[in-house]
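In what follows, a structure is listed as structure tokens, so that the remarks can point back to it.
The values are calculated or read from the model by the stated rules, or taken from the named source; none is laboratory data. Small disclaimer: the values here were computed from a predicted structure and weren't measured. Counting neighbours? That spans all protein chains shown, and the Cβs are built from the backbone with ideal geometry, glycine included. Note: areas computed on protein heavy atoms with side chains; ligands, DNA, RNA excluded. Shrake-Rupley method; radii C 1.70, N 1.55, O 1.52, S 1.80 Å.
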Amino acid sequence: MSNSNHPNLILIHRFFEAYANNNVAELSEVFHPDVKWHIPGAHPLSGTKVGVTGIVDYLAKLGKYNFQAEGIVMGVSEEHVIDCHRNWSNDEDGEGLNNMSCLLWKIEDNKIKEVFNFPQDQHVVDAYFNRKFKEQ
């Protein structure tokens, strides 16, 4: 039996579609008003992003690095979704990031309330973003 029709998975797919289309209005619909997104690490993009505006700003900065993702597996419960994927950047200098990552999505009131990011190798992610921000 497939869980692909689970409302929480549909919500996460709505997020990814809105993000891919840079649809801020739709992002506002999928996020809880008090949403938080936790980015671990010691680099300029790390930290907790608060509210739709804070997350949209983070996603816009991330978008400058031409990231792509390939899903591996998603799991769902009544209050959470776990999304594991490979993500990579297509940098002009050929020194892109290629890493596995998992996102834990907390769902409340049929909205995304909190997101926790778990990268495969935090040191690699830190080094990548610290190098990129020095180049700017």
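Touching an Asp or Glu at 6+ places or on another chain (Cβ under 7 Å) and either surrounded by 14 or more Cβ atoms within 10 Å (Cβ to Cβ) or at pLDDT 90 or above (or both): is that true of Ile112 in this structure? Answer is no for this residue.
Per the conditions (1) assigned to a helix (DSSP H, G or I); (2) surrounded by 14 or more Cβ atoms within 10 Å (Cβ to Cβ), the sole criterion not satisfied by Lys49 is (1). For the stretch 36-46, the candidate set comprises residues that are within 13 Å of the chain's Cα centre (by Cα) and not aromatic (Phe, Trp, Tyr); within that set, the residue that is farthest from His123 (Cα to Cα) is Lys36.
Inside the stretch 55-68, residues that are in a strand (DSSP E or B) and either open to solvent by 70 Å² or more (accessible area, probe 1.4 Å) or polar (S, T, N, Q) (or both) make up a count of 1. Here is the figure for the stretch 17-34: residues that are at pLDDT below 95 and either under 25 Å from Gln122 (Cα atoms) or open to solvent by less than 60 Å² (accessible area, probe 1.4 Å) (or both) total 6.
Would you confirm, using the coordinates I've provided, whether Trp37 is under 23 Å from Glu17 (Cβ atoms) and open to solvent by less than 20 Å² (accessible area, probe 1.4 Å)? So Trp37 passes the test.
Residues of the stretch 47-73 that are within 14 Å of the chain's Cα centre (by Cα) and either over 17 Å from Tyr19 (Cα atoms) or hydrophobic (A, V, I, L, M, F, W, C) (or both): Gly47, Thr48, Val50, Val52, Ile55, Val56, Leu59, Ala60, Leu62, Phe67, Ala69.
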